[in-house]
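Chemist: The structure's right below; bear with me while I get my questions together.
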């Protein structure tokens with residue numbers, strides 16, 4: 001694999017994923033930005049200096065068929081330097097109030113979706129003998145937050161998956177980096193929370209810049225775990 005480095009970012013239509021897509025594309029990387037909301041994806045172009053650096057695709061990561069079709073069509077021939085597992089949803093409800101539909105949606109998107117995507121690109125990275133997998137997790141894996149049981153379970157599951165994967169591919173030139181952001185001003189938070197605590201929350205652009213800087217480190221060095229919190233602490 002040669003030429004422009006290629007980055008696949010899931011959940012790129014809003015929040016941290018959107019900021020990541022803009023940051024990587026504006027720094028010269030070829031970005032495959034995917035999400036379910038194609039309308040919001042289209043809005044990315046207005047923030048990218050070189051439009052040819054971004055390729056927008058509507059992909060439902062809860063469907064392995066959709067993921068495999070995308071990977072086969074766009075990535076298997078050209079290769080992939082980096083996957084950023086970013087897509088995520090939550091509900092901010094007590095466990096007793098979560099519907100079974102919400103249980104399925106959160107676990108399928110945050111955990112199974114990330115595993116499906118990783119499974120789809122792992123053979124590509126193994127064959128080319130290099131790659132980086134970055135997982136956008138959360139501080140909920142380290143601290144208890146009420147009304148977040150499903151989100152916490154999904155992120156804790158992905159943390160365990162990624163940590164085992166890291167050891168399995170350690171000798172095969174593949175880096176696995178886990179990012180644990182605290183409160184960030186994105187639409188995943190209820191509007192009232194953003195209005196009340198927005199001044200304390202981190203900006204998605206800040207997270208994106210930190211992720212980019214660590215990705216750009218020498219390929220024989222890896223910062224495996226990065227915890228990011230608002231200066232004033234958790235909400």
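Rule-based calculations on the coordinates, nothing more; no lab input. Because the structure is predicted, anything quoted here is derived from the model rather than measured. No Cβ is skipped: glycine too gets one built from the backbone with ideal geometry, and neighbour counts run over all protein chains shown.
Chemist: Among 26-37, 215-226, 50-61, 159-170, how do they line up by average Cβ neighbours within 10 Å per residue, starting with the highest? Numbers along the way, then the final one.
Modeler: On the way: 26-37: 20.3, 215-226: 12.8, 50-61: 16.9, 159-170: 15.2.
Put in order of decreasing packing, that is 26-37, 50-61, 159-170, 215-226.
Chemist: Please check: in the Gaussian network model of the chain (C-alpha springs, under 10 Å), which one of 79, 198, 11 has the largest mean-square fluctuation.
Modeler: Of 79, 198, 11, the Gaussian network model singles out 198 as fluctuating most.
Chemist: Sort the range 131-235 into rounded, prolate or oblate with this rule: let a ≥ b ≥ c be the square roots of the eigenvalues of the Cα gyration tensor; rounded if a/c is under 1.5, and if a/c is not under 1.5, prolate when a/b is larger than b/c, oblate otherwise. It would help to have the intermediate numbers written out before the result.
Modeler: Values: a/c = 2.90, a/b = 1.61, b/c = 1.80.
Oblate shape, in that a/c is at least 1.5 and b/c is the bigger or equal ratio.
Chemist: Ordered by packing density, taken as the mean number of other Cβ atoms within 10 Å over each peptide's residues, highest first, how do 127-133, 101-107, 4-10 rank? Could the numbers behind the result be given before it?
Modeler: Details: 127-133: 17.7, 101-107: 15.4, 4-10: 23.0.
The peptides rank, most packed first, as 4-10, 127-133, 101-107.
Chemist: Distance from the Cα centre of the range 1-37 to that of the range 155-231, in angstrom?
Modeler: Comparing the Cα centres of the range 1-37 and the range 155-231, I get a distance of 15 Å.
Chemist: How do 202, 125 rank when sorted from fewest to most other Cβ atoms within 10 Å of their own Cβ?
Modeler: Details: 202 19, 125 24.
Ranked by crowding around the Cβ, least crowded first: 202, 125.
Chemist: Report the residue, chosen from 134, 207, 188, that carries the largest GNM mean-square fluctuation when the chain is represented by alpha-carbon nodes joined by springs under 10 Å.
Modeler: Maximum among the listed residues: 188.
Chemist: Just to be sure I understand: if I project the alpha-carbon convex hull of the range 61-139 onto a plane and average over all orientations, what area do I get in nm²?
Modeler: Mean projected area for the range 61-139: 5.8 nm², to one decimal.
Chemist: Set the Förster distance to 25 Å, then compute FRET efficiency between residue 77 and residue 50 from the Cβ-Cβ distance, nearest 0.05.
Modeler: Working: r = 22 Å, r/R0 = 0.90.
Once the sixth-power term is evaluated, E becomes 0.65.
Chemist: If you take every DSSP beta bridge fully contained in the chain, what fraction is antiparallel? Give it as a percent rounded to 5.
Modeler: Here the antiparallel bridges make up roughly 0 percent for the chain.
Chemist: Residues of the range 17-50 with the amide nitrogen closer than 19 Å to a label point 7 Å from the Cα of residue 216, along Cα-to-Cβ, please.
Modeler: 17-32, 48-50
Chemist: Would you calculate a helix-derived [θ] at 222 nm for the chain, using -39,500 (n - 2.57) for each DSSP H run of n ≥ 4 and dividing by the full residue count, to the nearest 500?
Modeler: Numbers: 8 runs with 91 residues, N = 235.
Only helices count here, giving -12000 deg cm²/dmol.
Chemist: Taking only C-alpha pairs under 8 Å that are 6+ residues apart, what is the relative contact order of the range 6-227 in percent? Write down the numbers at each step before the final one.
Modeler: On the way: 379 pairs, mean separation 46.4, N = 222.
Value for the range 6-227: 21 percent.
Chemist: Can you order the peptides 172-185, 85-98 by their average number of other Cβ atoms within 10 Å per residue, highest first?
Modeler: Values: 172-185: 20.5, 85-98: 17.6.
The peptides rank, most packed first, as 172-185, 85-98.
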